[in-house]
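Taking it in order: structure first as structure tokens, then the write-up.
The values are calculated or read from the model by the stated rules, or taken from the named source; none is laboratory data. Predicted, not measured: the structure shown is a model, and the values here were computed from it. Cβ: placed from backbone, ideal geometry, glycine included. Neighbour counts: every protein chain shown. We work out accessible area using only protein heavy atoms, side chains counted, and drop any ligands, DNA or RNA first. Shrake-Rupley method; radii C 1.70, N 1.55, O 1.52, S 1.80 Å.
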Amino acid sequence: MPIPASQPLPPSADSATGTVTDRLVASNRRYAAAFTDPGMDARPVLKVAVVACMDARLDLHAALGLELGDCHTIRNAGGVVTDDIIRSLTISQRALGTRSVVLIHHTNCGLLSLTEDFRHELAAEVGQRPTWAVEAFKDLDEDVRQSMQRVRTSPFLLHTDDVRGFVFDVTTGLLREIDPRD
């Protein structure tokens, strides 16, 4: 029988053999025990949306000096600007007031070693071709430029004058800004 959303989940039967998800849920219980509603609005304080790769090595809030409530963080494989990123940015700008967009790719990204053949391999394995593109790339700087261009030319976005792109170095923690005109 499902547990109503208003009730906490029961503890795992055996936390020593539990799953990673069990561990995360247990961590959430500890977090919630001390949690107090910060009373924030959904609108980011700094009016900025950050689009970045989902790579686990990127702690965006720490790297950018951000606090809870400062920004919208939108992540996907590679940090590339896809239709879904445009969808999220459109909602972020039009419904929640953001005006700036920061795009962040990173060194040693897994998409540097993939190709669209990945989709063909998936189709052969599961018998169905993915509807999405891998969006793999060979040149970080060029893909950041392409992502900036996709944002700047989207007819759905209200604010395209403050769009900047960067490459995060996973070994130094530094951002390197990409000139959109190079």
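Count the net charge of all other residues whose Cβ sits under 11 Å from the Cβ of R145, scoring Lys and Arg as +1 and Asp and Glu as -1.
Here the count lands on -3.
Tell me, what is the percent relative contact order of the range 104-182, built from C-alpha pairs under 8 Å that lie six or more residues apart? Provide the component values of the computation, followed by the final result.
Numbers: 100 pairs, mean separation 25.9, N = 79.
Contact order relative to length: 33 percent.
Over the chain, what relative contact order in percent results from Cα pairs under 8 Å that are six or more residues apart? Walk me through the intermediate numbers first.
Values: 264 pairs, mean separation 36.2, N = 182.
For the chain, the relative contact order is 20 percent.
With +1 assigned to the C-beta of every Lys and Arg and -1 to the C-beta of every Asp and Glu, and no other charges, what is the dipole magnitude of the chain about the Cα centre in debye, to the nearest 20?
Details: 19 positive and 25 negative charges, 106 e Å.
With only Lys, Arg, Asp and Glu charged at Cβ, the dipole is about 500 debye.
Please compute, over every Cα-Cα pair in the range 79-182, the percentage with a separation greater than 16 angstrom.
Above the 16 Å cut-off, the range 79-182 has 62 percent of its Cα pairs.
So what is the orientation-averaged projected area of the chain, using the convex hull of its C-alpha atoms, in nm²?
So the Cα hull casts an average projection of 14.7 nm².
Determine the sum of side-chain charges near I74: Lys and Arg each +1, Asp and Glu each -1, restricted to other residues whose C-beta is under 10 angstrom from that of I74.
Once all neighbours under 10 Å are counted, the net charge is +1.
Given the options L112, G18, A49, identify the residue whose Cα lies farthest towards the positive end of the charge dipole of the chain (+1 on Cβ of Lys, Arg; -1 on Cβ of Asp, Glu).
Towards the positive end, the residue furthest out is A49.
At 1.4 Å probe size, with the rest of the protein present, what percent of the exposed accessible area of the range 109-151 is carbon and sulfur atoms?
50
Can you give the FRET efficiency to the nearest 0.05 for D179 and F118, using r as the Cβ-Cβ distance and R₀ = 30 Å?
Step by step, r from the Cβ atoms, then E = 0.50.
For the chain, what does the helix formula give at 222 nm: sum of -39500 (n - 2.57) over DSSP H segments with n ≥ 4, over the residue count, nearest 500 deg cm²/dmol? Walk me through the intermediate numbers first.
Values: 5 runs with 55 residues, N = 182.
Result for the chain, helices only: -9000 deg cm²/dmol.
Please find, in a Gaussian network model of the chain (springs between Cα atoms separated by less than 10 Å), the residue of T160, T73, T36 whose mean-square fluctuation is greatest.
The residue that fluctuates most here is T36.
First select every other residue whose beta carbon is under 12 angstrom from the beta carbon of L58; then total the charges, Lys and Arg +1, Asp and Glu -1.
It works out to a net charge of -1.
Hey, any idea what Rg/Rh is for the range 35-114, computing Rh the Kirkwood way over Cα pairs?
Result for the range 35-114 is an Rg/Rh of 1.00.
The range 95-119 to the range 26-52: how many Å between their Cα centroids?
What the calculation gives is 23 Å, centre to centre.
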